[in-house]
């Protein structure tokens with residue numbers, strides 16, 4: 001995600017993400033913070049063409065900043081949630 005290009009690695013401990021389906025694409029909104037020092041926080045958003053791309057963005061951020069899975073929250077809003085599932 002471009003808005004994080006100039007941040008030092010390892011400065012965040014929590015990641016909150018929203019993936020919202022809008023106009024045939026997915027808006028990924030991210031908020032990251034350090035729960036020990038709330039002055040260290042950032043937020044931003046980017047557009048992903050697919051849900052998989054949006055998911056990879058979040059995974060990449062978590063990996064880059066070594067944020068464990070139990071410190072990540074994700075909210076997903078889709079128009080037709082069954083479209084992307086295997087039945």
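The values are calculated or read from the model by the stated rules, or taken from the named source; none is laboratory data. Computed from a predicted model, the values in this text were never measured in an experiment. Neighbour counts run over all protein chains shown; Cβ positions are idealised from the backbone, glycine included.
Any idea which residue in the stretch 53-87 is modelled with the highest pLDDT, counting only those that are loosely packed, with under 11 Cβ neighbours inside 10 Å and over 26 Å from residue 11 (Cα atoms)? The residue in question is 79.
Provide a single number: the residues in the stretch 6-31 that are modelled with pLDDT under 65 and exposed (fewer than 11 other Cβ atoms within 10 Å of the Cβ). Of the residues in that region, 3 qualify.
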